[in-house]
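For reference, the structure is listed below as structure tokens.
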């Protein structure tokens with residue numbers, strides 16, 4: 001069950017922070033609408049790593065599609081284009 005609190009609960013900051021653990025975020029609302037979340041730093045780091053991996057996989061997928069549709073060029077042609 002999500003831990004949802006009004007943002008005014010931050011007046012007692014320590015109590016709110018003590019409720020945050022890995023896998024257990026605290027969601028803060030303002031006027032009944034979601035405003036922000038407090039998340040364990042280790043969980044945030046893992047989410048950042050997953051996001052980076054997802055972005056890399058998307059780029060690799062785009063590259064594979066490009067190779068299938070457009071083909072590749074030789075190393076000599078690449079060096080020529082780069083002026084090496």
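Apply the a/c threshold of 1.5 to the C-alpha gyration tensor of the range 42-82 and tell me whether it is rounded, prolate or oblate. Oblate shape, in that a/c is at least 1.5 and b/c is the bigger or equal ratio. Per-residue ellipticity at 222 nm from helix content only, as computed over the chain with -39500 (n - 2.57) for each DSSP H run of at least four residues, stands at -17000 deg cm²/dmol. Projected over every direction and averaged, the convex hull enclosing the alpha-carbon atoms of the chain yields 10.4 nm².
For the range 36-84 versus the range 1-31, the spacing of their alpha-carbon centroids is 36 Å.
Once both labels are positioned 7 Å from their Cα atoms along Cα-to-Cβ, the gap between residue 52 and residue 35 label points is 3.2 nm. At full extension, residue 11 and residue 65 could sit 14.2 nm farther apart than now, given 0.36 nm per residue minus the alpha carbon distance. Modelled this way, with points 7 Å down the Cα-to-C-beta line, the labels at residue 27 and residue 74 are 5.9 nm from one another.
Only the coordinates and a few stated rules stand behind these numbers; no lab work does. Since this is a predicted model, take the numbers as computed values, not measurements. Positions of Cβ are generated from backbone atoms using ideal geometry, with glycine treated the same way; all protein chains shown enter the neighbour counts.
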